[in-house]
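FYI, it's all coordinate maths here, none of it is from the lab. Keep in mind that this is a model prediction, so the values were computed, not measured. So basically every Cβ, Gly included, is an ideal-geometry build from the backbone, and we count neighbours across all protein chains shown.
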Amino acid sequence: MVTIDDVKKLGLRIGEIVGAEDHPNADKLYVLKVRLGEEERQLVAGIKSYYSPDALLGKKIVVITNLKPAVIRGVESQGMLLAADSGEVVSLLTVDKDVPPGSEVR
């Protein structure tokens, strides 16, 4: 079981996808550029089978921003996007109102 204090430790913010390119070393991965307010980050995400690059541009997604950076197949990922996975469908967690990139999720 986690406590509310555990949840508060997650740095959840709204990010806007401003770029999506094929990962140079992996068939199922994208390298995303995500704007988080004044900051821009690079994320590596395994969502290529579910979204085209054009469908991703402009989406406002939920990002874990205080995750330790990881190198995935030679490319640094500076956070993690959140998505639901039913086994057949993958759906990015998005917001239902227009909030600015960088907004805190709580």
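Taken along the Cα-to-beta-carbon direction at a fixed 7 Å, the label points for L93 and D22 span 3.1 nm.
Can you give the convex hull volume per residue for the Cα atoms of region 4-92, as a whole number of Å³?
Details: hull volume 9.2 nm³, N = 89.
Per residue, the Cα convex hull of region 4-92 comes to 103 Å³.
Where in the chain is the longest stretch that carries no GluC sites (Glu not before Pro) classed as loop by DSSP and with at most 11 other Cβ atoms within 10 Å? Between exposed loop sites, the widest span is 39-87.
Computed over neighbours whose Cβ is under 12 Å from that of S91, the net charge equals -1, Lys and Arg +1, Asp and Glu -1.
Each of S86 and D5 was given a label point 7 Å from its Cα along the Cα-to-Cβ line. The distance between the two points is 3.8 nm. Using the rule -39500 (n - 2.57) for each DSSP H run of four or more residues, divided by the residues of the chain, the 222 nm mean residue ellipticity is -2000 deg cm²/dmol.
With Cβ to Cβ distances under 14 Å as the rule, what net charge do the other residues near G102 carry (K, R +1; D, E -1)?
Numbers: positive: R13, R35, R41, K60, R106; negative: E16, E38, E39, E40, D98, E104.
Neighbourhood net charge equals -1.
Past 21 Å, Cα to Cα, is the threshold; run K8/K59; K8/K33; K8/K28; K9/K68; K9/K33; K59/K97 against it and keep the listed order. Intermediate results must be reported in sequence, preceding the final value.
Details: K8/K59 24 Å; K8/K33 25 Å; K8/K28 31 Å; K9/K68 13 Å; K9/K33 24 Å; K59/K97 12 Å.
The answer is K8/K59; K8/K33; K8/K28; K9/K33.
Inter-label distance, N66 to Q42: 2.5 nm, where each label sits 7 Å from its Cα along the C-beta direction.
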